[in-house]
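The structure appears right after this line, and notes come after that.
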Amino acid sequence: MLVFGRIAVYELSGMKNFLFYLLMAGALSAPAKIVTRVVEYQQGGVALEGYIAYDDATAARRPGVLVVHQWMGLTDYEQNRAVMLAHLGYVAFCADIYGKGVRPQSIKAAGAEATKYKTDRALLRLRVNAGLDELKRYEKVDPQRVAAIGYCFGGTTVIELARSGANLNGIVSFHGGLDSPAPADGKNIKCRVLACHGADDPFVPAADLAAFEEEMRAANVDWQIIKYGGAVHSFTQPMADGSLPGAKYNARADRRSWMDMQNFFAEIFK
């Protein structure tokens, strides 16, 4: 792992592309006074450990963005994204779904932990709503202008946040699972939805994709799916080096999806 100022970046095969991308995104530029810190909070008596990032150069309230981690739990990756969002003018808060100190160290352990919540969507919704509440109560956040983004497991999670009826302006799922045990819950969605999807993602069956689209239509949601050609699962994550078949970083899709997210935010926060 390399560290640039407050940004820790994975030193993997996709490193050069990701560093170039960070430079283009402005995350490695200087003058902003980016403040970051660990934040402890709770849900149902369970200790959780999130992470906040914001530009301290202004006291003005600004939109907040909740960031939800992939199946390995809250890592440097999500913290990097939070800093990138802070450079764009947002207050970013990384939620902790698994709990303080629960950071799987293997694919097997991550799969077991993610499954625990994917098979208990009520608990998943409680955990992600606790993160949203923590973000909204922060003094620098305008609680009327809030969005949530998530990666893989986190993408599934922010869709569940919307299905829970949470009050926010929009959610963005990056290569998230699109299945729903209760498709009728789409009627609870009050916000706009953007799903950034790898066109060749083998982990999202065509049936799930079709069911998701039908759920959005039936609930009259303002929704979009953007598919990135040549991209598979985990296309935004430099640590996805292809050792897990069907999951690999794609610098082009990463760059494009980040810009699509920014365009989406410009629309929902205008």
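The values are calculated or read from the model by the stated rules, or taken from the named source; none is laboratory data. All figures in this text were calculated on a predicted structure; none of them were measured in a lab. Cβ: placed from backbone, ideal geometry, glycine included. Neighbour counts: every protein chain shown.
Restricting attention to region 70-109, and to residues there that are part of a helix (DSSP H, G or I) and acidic (Asp, Glu), which single residue is nearest to residue 258 (Cα to Cα)? Please lay out each step first, then the result.
Residues of region 70-109 part of a helix (DSSP H, G or I): 76-87, 107-109.
Next cut, acidic (Asp, Glu) only: 76, 78.
Values: 76: 18, 78: 14 Å.
Checked region 70-109; the qualifying residue nearest to residue 258 (Cα to Cα) is 78.
Exactly one condition in (1) over 30 Å from residue 121 (Cβ atoms); (2) small (Gly, Ala, Ser); (3) part of a strand (DSSP E or B); (4) at pLDDT 95 or above is false for residue 8; which is it?
All conditions are met except number (4).
Quick check on residue 230: is it touching an Asp or Glu at 6+ places or on another chain (Cβ under 8 Å) and without any contact (Cβ under 8 Å) to a residue 60 or more places away in the chain? Talk me through it step by step, then tell me what you get.
On the way: touching an Asp or Glu at 6+ places or on another chain (Cβ under 8 Å): yes; without any contact (Cβ under 8 Å) to a residue 60 or more places away in the chain: yes.
It is true that residue 230 is touching an Asp or Glu at 6+ places or on another chain (Cβ under 8 Å) and without any contact (Cβ under 8 Å) to a residue 60 or more places away in the chain.
Checking the condition under 28 Å from residue 248 (Cα atoms), modelled with pLDDT of 95 or more and outside any loop (DSSP other than H, G, I, E, B), which residue from 66, 48 passes?
Only one candidate passes the filter, namely 66.
So the check is Cβ under 7 Å with 6+ separation or different chains; which pairs have a first residue in region 185-199 that's within 16 Å of residue 264 (Cβ to Cβ) and a second one that's aromatic (Phe, Trp, Tyr) and part of a helix (DSSP H, G or I)?
Within 7 Å, the pairs are 194/264.
Residue check, residue 224 against (1) surrounded by fewer than 21 Cβ atoms within 10 Å (Cβ to Cβ); (2) closer than 21 Å to residue 257 by Cα; (3) in contact with an Asp or Glu (Cβ under 8 Å, 6 or more places away or on another chain), all met but one. Which one?
(3)
Can you go through 130, 112 and tell me which one is in contact with a strand residue (DSSP E or B) (Cβ under 7 Å, 6 or more places away or on another chain), surrounded by fewer than 22 Cβ atoms within 10 Å (Cβ to Cβ) and outside any loop (DSSP other than H, G, I, E, B)?
On the way: 112 fails: in contact with a strand residue (DSSP E or B) (Cβ under 7 Å, 6 or more places away or on another chain).
Only one candidate passes the filter, namely 130.
Being surrounded by fewer than 21 Cβ atoms within 10 Å (Cβ to Cβ) and modelled with pLDDT of 95 or more is true for just one of 165, 170, 176, 186. Which residue is that? First the steps, then the outcome.
On the way: 170 fails: surrounded by fewer than 21 Cβ atoms within 10 Å (Cβ to Cβ); 176 fails: surrounded by fewer than 21 Cβ atoms within 10 Å (Cβ to Cβ); 186 fails: surrounded by fewer than 21 Cβ atoms within 10 Å (Cβ to Cβ).
The match here is 165.
Does residue 214 satisfy the criteria of being assigned to a helix (DSSP H, G or I), surrounded by 22 or more Cβ atoms within 10 Å (Cβ to Cβ) and either within 18 Å of the chain's Cα centre (by Cα) or among the charged types (D, E, K, R) (or both)?
On the way: assigned to a helix (DSSP H, G or I): yes; surrounded by 22 or more Cβ atoms within 10 Å (Cβ to Cβ): no; either within 18 Å of the chain's Cα centre (by Cα) or among the charged types (D, E, K, R) (or both): yes.
No, not satisfied.
Give region 63-92 a look and list any residue that's of a type outside the set (Phe, Trp, Tyr), touching a residue at least 60 places away in the same chain (Cβ under 8 Å) and out of contact with any strand residue (DSSP E or B) (no Cβ under 6 Å at 6 or more places or on another chain), or say none.
Of everything in region 63-92, those that are of a type outside the set (Phe, Trp, Tyr), touching a residue at least 60 places away in the same chain (Cβ under 8 Å) and out of contact with any strand residue (DSSP E or B) (no Cβ under 6 Å at 6 or more places or on another chain) turn out to be 69, 84, 87, 88.
Kindly list the number of the only condition in (1) in contact (Cβ under 8 Å) with a residue 60 or more places away in the chain; (2) more than 27 Å from residue 54 (Cβ to Cβ) that fails for residue 105.
(1)
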